[in-house]
1. Among the residues of the range 121-136 satisfying the criterion of being in contact (Cβ under 8 Å) with a residue 24 or more places away in the chain and assigned to a loop (DSSP other than H, G, I, E, B), which is surrounded by the most Cβ atoms within 10 Å (Cβ to Cβ)?
2. Could you grab me the full set of residues in the range 63-83 that are under 19 Å from residue 125 (Cβ atoms) and not in a loop (DSSP other than H, G, I, E, B)?
3. Filtering the range 149-158 down to residues that are of a type outside the set (A, V, I, L, M, F, W, C) and touching a residue at least 24 places away in the same chain (Cβ under 8 Å), which residue is nearest to residue 50 (Cα to Cα)?
4. Which one is farthest from residue 158 (Cα to Cα), of the residues in the range 168-190 that are at pLDDT 85 or above and in contact with a Ser or Thr (Cβ under 8 Å, 6 or more places away or on another chain)?
5. Looking at (1) at pLDDT 90 or above; (2) surrounded by 15 or more Cβ atoms within 10 Å (Cβ to Cβ), which is the one condition that is false for residue 157?
6. Given the criterion buried (at least 17 other Cβ atoms within 10 Å of the Cβ), of a type in the set (Val, Ile, Thr) and part of a helix (DSSP H, G or I), identify the matching residue among 90, 112.
7. Condition (residue is small (Gly, Ala, Ser), closer than 27 Å to residue 157 by Cα, touching a residue at least 40 places away in the same chain (Cβ under 8 Å) and surrounded by 13 or more Cβ atoms within 10 Å (Cβ to Cβ)) applied to the range 70-87: is it met by at least one residue?
Amino acid sequence: MGGEGTIIIVYFPTRAEPVRLKKGHGVQKRPGGRLGEETLVRTSTTGDDMRHVLCREFLKTAASALSLVLIKELDINKGTMGLLITAFFIIYGLMQIPAGMFTDMFGPRKTILGFTALTLVGVFLFWLSFRFEMLVVAQIIMGIGCSVFYINAVSLITHWFPIERKATAIGILSAASGLGNFTSYMGFPLANTMFGGWRTSTSSSPSSSSSTTR
């Protein structure tokens, strides 16, 4: 075994690098069932990341999917509608570097939770707004809120998944991204057709309600 300077190499079944401890310092035991716990965490992390990325893509394309409806509802031209759509993308792009800085400062989970709350504010404002200006504000708020989702999703995957599983996990995120686009482009037209408006119970605008009472 040797003297006090002998190095003990301890291997754990997680394919991690060997932990080197000096003799006499003891070996810190890891909790039982660690492999099962890590699998549960990875599954939960992937599910959460998928939901956030799906919602990000759903909200990102919402205005585009509703373009024909909003042009008629707001009585605006196609150029103005283009401004409404790009409001999300401009702020989303500008927020990428700050989003990474927030992740470094506060960690992925706290950042996602905080910006999810902001995204919900934008969603409700978009849903309730019948004016172009308020819809632009809603688009900006949602763009800020959604800007952290993908960066933090990749950060969590990098932290929790072994190198041979990272590409698969990111591929799942990409699939969720496409599913979000599909849900938006199919969901809003279907809702508008089936329920008479994409806002369902609040689908009638003030202008339309006033015209029916004349």
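The values are calculated or read from the model by the stated rules, or taken from the named source; none is laboratory data. Just so it is clear, the model here is predicted, and its values are computed rather than measured. Positions of Cβ are backbone-derived with ideal geometry, glycine not excepted, and every protein chain shown enters the neighbour counts.
1. Looking at the filtered set, the residue picked out is 130.
2. The first filter runs over the range 63-83 and keeps only residues under 19 Å from residue 125 (Cβ atoms), leaving 63-67, 69-70, 73-74, 76, 80-81, 83.
Answer for the range 63-83, where residues must be under 19 Å from residue 125 (Cβ atoms) and not in a loop (DSSP other than H, G, I, E, B): 63, 64, 65, 67, 69, 70, 73, 74, 80, 81, 83.
3. First pass over the range 149-158, keeping only residues of a type outside the set (A, V, I, L, M, F, W, C): 150, 152, 155, 158.
Narrowing the set further to residues that are touching a residue at least 24 places away in the same chain (Cβ under 8 Å) leaves 150, 152, 155.
Numbers: 150: 10, 152: 12, 155: 13 Å.
By that ranking, first place goes to 150.
4. My answer is 185.
5. Going through (1) at pLDDT 90 or above; (2) surrounded by 15 or more Cβ atoms within 10 Å (Cβ to Cβ) one by one, residue 157 breaks only (1).
6. 112
7. Start the filter on the range 70-87 by keeping residues that are small (Gly, Ala, Ser), which leaves 79, 82, 87.
From the residues that got through so far, the ones that are closer than 27 Å to residue 157 by Cα too are none.
No, the range 70-87 contains no residue that is small (Gly, Ala, Ser), closer than 27 Å to residue 157 by Cα, touching a residue at least 40 places away in the same chain (Cβ under 8 Å) and surrounded by 13 or more Cβ atoms within 10 Å (Cβ to Cβ).
Let's see how each residue does on (1) touching a residue at least 60 places away in the same chain (Cβ under 8 Å); (2) within 18 Å of residue 74 (Cβ to Cβ):
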site: 115; (1), (2): no, no
site: 118; (1), (2): no, no
site: 138; (1), (2): no, yes
site: 142; (1), (2): yes, yes
site: 147; (1), (2): no, no
